[in-house]
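First the structure, in the form of structure tokens, and then the observations on it.
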Amino acid sequence: CNTCINPIATPTITTSYVLIYRNPTGCFATDTIEVEVKPNYEVFIPSGFSPNGDNLNDVFYARGPYIKAVNMKIWDRFGGVIFESPYLNYGWDGTKNFKDLNTGIYIYYITVEFLDGVVKEFKGNITLSR
């Protein structure tokens with residue numbers, strides 16, 4: 001912002017900012033500041049969800065402030081893949097082939113890529129409640 005007296009910046013990666021001040025007589029000064037952003041590799045993966053149409057906890061997906069990409073796979077107890085998604089904000093709604101699945105425990109494997117390119121894997125169980 002060239003006209004803001006108190007600009008606000010919220011970088012997601014380490015960024016250098018250059019300030020240039022010019023007074024009314026034409027003299028100027030510059031300064032540089034580097035804002036170091038330490039990555040937050042926290043990922044929230046719920047232990048259960050309830051896709052019952054109340055718009056509360058209806059979709060299962062990984063969430064976090066520093067996530068760039070997510071790849072998720074869900075299996076049933078017999079080892080059959082019931083859901084797969086390579087999209088960040090596209091989670092599992094508790095269905096397979098557009099049919100509601102029964103209440104139960106399912107297995108997930110999630111790969112998360114963070115904004116700085118670091119990749120982490122998460123696996124566990126998710127409880128589906130109706």
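The values are calculated or read from the model by the stated rules, or taken from the named source; none is laboratory data. Source: prediction; values computed, not measured. Note: ideal-geometry Cβ built from the backbone for every residue, glycine included; neighbour counts use all protein chains shown. Heavy atoms of the whole protein, side chains included, go into the accessibility calculation; ligands, DNA and RNA do not. Shrake-Rupley method; radii C 1.70, N 1.55, O 1.52, S 1.80 Å.
For the stretch 34-106, the list of chymotrypsin sites (Phe, Trp or Tyr not before Pro) that fall in a loop by DSSP and count at most 15 other C-beta atoms within 10 angstrom reads TYR41, PHE78, TYR87, TYR90, PHE98. Near THR103: Cβ cut-off under 13 Å, other residues only, Lys/Arg at +1 and Asp/Glu at -1. The net charge is 0. Note on LYS68: lysines with a C-alpha under 16 Å away, same-chain residues under 8 apart excluded, are LYS38, LYS120. Solvent-accessible surface of the chain, averaged per residue with a 1.4 angstrom probe and all protein chains in place: 72 square angstrom. Counting Lys +1, Arg +1, Asp -1, Glu -1, what net charge surrounds VAL18 among other residues with beta carbon under 12 Å of its beta carbon? Value of the local net charge: -2. Taking max minus min of the alpha-carbon positions on each principal axis, the chain gives extents of 76, 30, 21 Å, largest first. Surface composition of the chain: carbon and sulfur make up 53 percent of the accessible area, probe 1.4 Å. Dipole check for the stretch 1-114: with +1 at the C-beta of Lys and Arg, -1 at the C-beta of Asp and Glu, and the Cα centre as origin, the magnitude is about 120 Debye. On full extension, the segment bounded by ASP100 and GLU121 gains 4.8 nm, given 0.36 nm per residue less the C-alpha separation. Projected label points at ASP58 and PHE78, each 7 Å from Cα along the beta carbon direction, are separated by 2.9 nanometres.
DSSP beta bridges confined to the chain are antiparallel in about 95 percent of cases.
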